[in-house]
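Before any comments, here is the structure.
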Amino acid sequence: MVFSSITFLFFFLPIFMTAYFLSPTNRAKNLTTLFCSLVFYGWGEPWFLLILLASIAFNTLAALIIDARDGPARRVVLGVAVMANLLLLGIFKYANFIGSNLDAALRPFGVDVSLPHIPLPLGISFFTFHCLSYVIDVFRRRFPANRDPVEVALYIALFPQLVAGPIVRYSTVARQLRGRTHSLYHASAGARIFVIGLAQKVLIADPLAPLVEVVFDHTFQPSMLESWTGLLAYTIQIYFDFAGYSNMAIGLGLVLGFTFPRNFRLPYTSLSVTEFWRRWHMSLSAWLRDYLYIPLGGSRFGVLRTYRNLLTVFLLCGLWHGANWSFILWGAWHGAFLVLERAGFGRILNRLPVPVRWSYALLAVMGGWAMFRARDLAEAGSLYAGLVGRYGIDAVSFEMQGKLNGGTIIPLMAGCALAVLPRLVPLVRLPPLLAKLAAPADAAWTFGLMLLAMLSVAAGTYSPFLYFRF
């Protein structure tokens with residue numbers, strides 16, 4: 001089920017909210033939310049629900065065993081739990097990739113290792129990371145294992161952040177699982193954030209899909225104009241698609257009494273690739289830092305091991321996003337820039353004018369998006385060739401001409417402005433009289449945005465979030 005769908009907005013959400021707020025106790029609210037979260041997850045593919053439930057049961061039990069043990073036994077159980085989670089991820093997310101590469105390598109020798117296709121469960125990367133952080137933090141004695149299976153299951157399966165984040169630590173919501181306060185202020189603030197996220201998805205990200213698909217999926221040798229148009233459209237699309245989902249999740253969580261971490265902070269205003277990763281998918285960056293980079297040694301054992309750790313983390317970050325060589329190279333791309341900036345280029349960069357630093361960071365990020373979106377390395381190579389004019393400068397295919405209209409150009413321009421202007425334009429303190437009018441104006445603006453988004457959903461077609469496949 002998708003947040004930006006008629007089923008969710010007009011049926012699931014009203015029914016759930018009614019049942020939730022009619023539930024008399026916190027325990028009843030938890031049970032209602034857990035049941036609806038499982039319905040939400042199993043709506044499209046019910047058998048995926050068995051994988052989620054098995055993961056919840058296994059990690060709940062593993063955490064209890066780890067918490068009850070001392071000495072080497074705790075490490076053994078932790079190792080088994082971590083390996084089991086990684087094995088689950090490996091089977092469902094990477095078995096097809098490994099099998100296809102082995103088949104390609106061994107087929108010339110007459111060996112056939114083709115495997116049956118294994119479907120990818122929705123959000124498996126996200127709920128596996130939730131499970132891993134939970135059992136690891138129990139091992140680290142950050143908190144005791146929760147003996148209430150309903151609370152643990154709700155933490156892992158809570159539907160707003162279940163399939164595409166943000167990645168929430170158990171410690172962030174532990175108290176809220178046991179008891180939450182609800183207020184009109186938090187509900188209205190959460191609803192406003194949800195509406196903004198919905199508008200980001202359906203009014204900016206979705207209309208740009210035709211431009212992106214023409215360049216990446218239907219044009220074999222795009223011209224320079226087509227290549228840069230498609231890449232810019234994807235740069236805006238993936239940001240507003242993913243940030244839109246995160247805002248909807250954060251808003252829904254706030255309405256329910258949960259506080260989720262912020263996931264984006266104007267990443268396209270960054271002045272370096274290092275700063276970009278402090279602003280883009282911040283919950284993933286923090287997870288990789290705390291559960292991978294620091295355990296590998298971080299920056300504690302000399303520069304060479306620091307560079308090795310950075311490259312390792314981002315190679316795995318790319319692999320986490322998808323089982324494809326283009327994702328792995330995307331991770332290596334970002335890891336190489338982080339090493340370069342840490343090795344001394346960052347100091348040089350800090351002496352340059354702000355527009356130069358911003359241009360460098362944005363071009364580096366966009367260059368990575370070309371690999372990220374490409375279906376394979378050949379498609380990525382074709383787009384890179386197009387970006388430098390290999391197939392002509394300003395030629396535009398007939399199909400591309402049909403997509404360049406007000407329905408795509410206006411969202412593209414609006415997305416570009418909204419991605420950078422809030423940081424570049426300083427906030428102005430309003431005079432007292434205008435400040436009094438700001439709240440009603442903001443409410444009216446939010447209501448109008450909601451109407452536009454709802455009309456777009458009602459008139460549109462099914463459009464899953466881009467990060468659902470990760």
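Derivation of every value follows stated rules applied to the coordinates shown; laboratory data play no part. None of these values were measured; they are calculated from a predicted model. Glycine gets a Cβ as well: all are built from the backbone with ideal geometry, and neighbour counts include every protein chain shown.
Tabulated data for the structure shown
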| quantity | calculated |
| --- | --- |
| 19 Å reach of a label modelled at ILE410, 7 Å along Cα-to-Cβ, counting backbone N of the range 187-211 | 196, 198-211 |
| Packing-based exposure ordering (other Cβ within 10 Å, fewest first) of CYS317, CYS416 | CYS416, CYS317 |
| Contour minus Cα-Cα distance for ARG175 and ILE15 (0.36 nm per residue) | 55.0 nm |
| Mean ellipticity per residue at 222 nm, deg cm²/dmol - from DSSP H runs of n ≥ 4 across the chain, formula -39500 (n - 2.57) | -21500 deg cm²/dmol |
| Euclidean distance between Cα centres, the range 51-100 to the range 233-258, Å | 29 Å |
| Trypsin sites (Lys or Arg not before Pro) lying in DSSP loop within the range 257-360, provided at most 15 other Cβ fall within 10 Å | ARG262, ARG265, ARG300, ARG351 |
| Chymotrypsin sites (Phe, Trp or Tyr not before Pro) restricted to DSSP loop in the range 174-226 with at most 12 other C-beta within 10 Å | PHE220 |
| Modelled FRET efficiency - R0 25 Å, LEU340 with ARG265, Cβ distances, 0.05 increments | 0.60 |
| Candidates per chymotrypsin sites (Phe, Trp or Tyr not before Pro) in the range 233-337, loop by DSSP, up to 12 other Cβ within 10 Å | PHE301 |
| Of the DSSP H helices in the chain, those whose Cα atoms cover at least 18 Å axially and whose Kyte score averages 0.0 or more | 26-42, 48-68, 72-89, 124-139, 184-199, 224-256, 303-321, 325-340, 354-373, 406-424, 432-459 |
| Segment ALA417-LEU22, length gained on full extension (0.36 nm per residue, minus Cα span) | 138.0 nm |
| Within straight-line cross-link reach of LYS201, aspartates and glutamates at Cα separation under 19 Å, skipping those fewer than 8 residues along the same chain | GLU213, ASP241 |
| Three-way shape label, the chain, alpha-carbon gyration tensor, a/c 1.5 | rounded |
| Candidate aspartates and glutamates - alpha carbon under 20 Å from LYS93, same-chain residues fewer than 8 apart omitted | GLU45, ASP103, ASP376 |
| Cα centre as origin, Lys/Arg/Asp/Glu Cβ charges: the chain dipole, Debye | 1900 debye |
| Label-zone membership for the range 204-228, site ALA395, 7 angstrom Cα→C-beta point, backbone N under 18 Å | 214-228 |
| Neighbour-count order for ASP148, ASP112, fewest beta carbons within 10 angstrom listed first | ASP112, ASP148 |
| Label point 7 Å beyond Cα of SER100 along Cβ direction - residues of the range 359-378 with amide nitrogen under 18 Å | 371-378 |
| Extension reserve of the LEU304-ILE118 stretch, reckoned as 0.36 nm per residue once the Cα distance is removed | 63.1 nm |
| Neighbour-count order for HIS182, HIS281, fewest beta carbons within 10 angstrom listed first | HIS182, HIS281 |
